1. Assuming 0.36 nm per residue, please report the length gained on full extension of the stretch N267 to D332 beyond their Cα-Cα distance.
2. How many percent of Cα pairs in segment 272-358 exceed 22 Å?
3. How high is the relative contact order of the chain, in percent, with contacts defined as C-alpha pairs under 8 Å that are six or more residues apart?
4. Considering Cα pairs under 8 angstrom that are at least six residues apart, work out the relative contact order of segment 86-222 and quote it in whole percent.
5. If you add up the charges near A180, with Lys and Arg at +1 and Asp and Glu at -1, over every other residue whose beta carbon is less than 14 angstrom from its beta carbon, what do you get?
6. Students often check this: by mean Cβ neighbours within 10 Å, which of 243-255, 266-278 ranks highest, and how do the rest follow?
7. With only alpha-carbon pairs counted, each pair once and no self-pairs, how large is the Kirkwood hydrodynamic radius of segment 179-242 in angstroms?
8. Roughly speaking, what is the stretch gain from T294 to R39, that is 0.36 nm per residue apart minus the C-alpha to C-alpha distance, in nm to one decimal?
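Readers should treat all values here as calculations from the given coordinates under stated rules, not as data from a laboratory. Worth saying up front: this structure is predicted, and the values here are computed from it rather than measured. Positions of Cβ are backbone-derived with ideal geometry, glycine not excepted, and every protein chain shown enters the neighbour counts.
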Amino acid sequence: MVEKVNPKVIPIRIDEGKGLTPSVGAQLLAPHGQTLDKRGRTLHDLRISVTDRCNFRCTYCMPKEVFDHNYPYLAHQELLSFEEITRLATIFSTLGVEKIRLTGGEPLLRKNLEVLIEMLAKLSTPQGVPLDLTLTTNGSILRKKAAALKAAGLQRLTVSLDGLDDAVFRKMNDVDFPVADVLDGIAAAQEVGFENIKVNMVVKKGTNDHEIVAMAKHFKGSGVILRFIEFMDVGSSNGWNMAEVLPSKEVIAKIHAVFPLEPIDANYSGEVAQRWRYVDGSGEIGVISSVTQTFCHECSRARISTDGQMYLCLFANEGFDFKTMLRSGKSDLEIANAIMNTWSVRDDHYSEIRGSHTANLSTGSRKVEMSYIGG
Ligand code: SAM
Ligand code: SF4
Ligand code: SF4
């Protein structure tokens, strides 16, 4: 068994409410606008991992050889409770966060997740705009859960699916899970009223790149927005290799040759997917080119791991310990202040310097796993 990567945990330096009054958000947002990190980036987007466990063993994320029955998953008491998650999210919402994505591991495996969704769905920005609340799932139990998620107030949904060829997909998820059941989960979500569902396909050259056009054809005109993600070197166990990355521009070329495409504008500044629409008006697709066209310069995302550490980059190897703050009687004001202090010294831009970091892996600098930090 490959050893678990133990991320470095950084205790929070508490700057006792310096310069702040109890109306935290209002004070921090005005009069200077939002706090910027060292590269001038705002905090806009929060990803929360609600479990480090999953019922799939996707080879690019939780390879079986590492995530076997000996793997030290977090114990229940180490997980943030729904109340702790909601408290943190509420504080983040006062600091400029407008979008929350629940992820994991497989988020639908977290017991009573709809209760958490109901709690988070009540949050809004200081201006009173409801937060954009969404979730990424492998779709395996979506048929069972879709109605409860919708009723709880989940606004949007992303489902991961790496191809339509059943043999290829079963091999990629490595637990022999059939394509038909994920498609049925997507259908269930549409039936209960989810619109503009996104489907994420991780493209691995030589493994599922022959499925690109078939996937485009299948979802074209269905209202589902298909997004192709370049295979990334997340974590330290997925055997990443540049030779298996298919640049997004080649994905676009393959589809364009069959179904003509044209580029469209981003929905908002900092959106990671580049958007394209079918010239015949039958919908849009997106590409996320984290390897070949990096977007660190506008990355406005923070991540909360399953056990309450804040990570400032998907490729980080250290987290900031907010669970201890939550469990040691700190006030909202102290926590808000610690978040902004941490954000203000953020300098992460891993994808821009990937080459040198990949070289560092051989010298022992290991990154935290995506299933723990939240994809
Ligand atoms: N289990 C859920 C799922 O698969 O949708 C949510 C968590 S998963 C870590 C979130 C997203 O990250 C998925 O769309 C998955 O395909 C993507 N992902 C995982 N490992 C990846 C990798 N090495 N490169 C690119 N995307 C990856
Ligand atoms: Fe599980 Fe999602 Fe990772 Fe696949 S990508 S192993 S479904 S967490
Ligand atoms: Fe953001 Fe880190 Fe990804 Fe760059 S590498 S876009 S900083 S998460």
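1. 20.2 nm
2. Within segment 272-358, distances greater than 22 Å cover 45 percent of Cα pairs.
3. Averaging sequence separation for qualifying contacts and normalising by length gives 25 percent for the chain.
4. The normalised contact order for segment 86-222 reaches 22 percent.
5. Every neighbour counted, the sum reads -3.
6. 243-255, 266-278
7. Roughly 13.4 Å, rounded to one decimal.
8. Computed gain between T294 and R39 is 90.3 nm.
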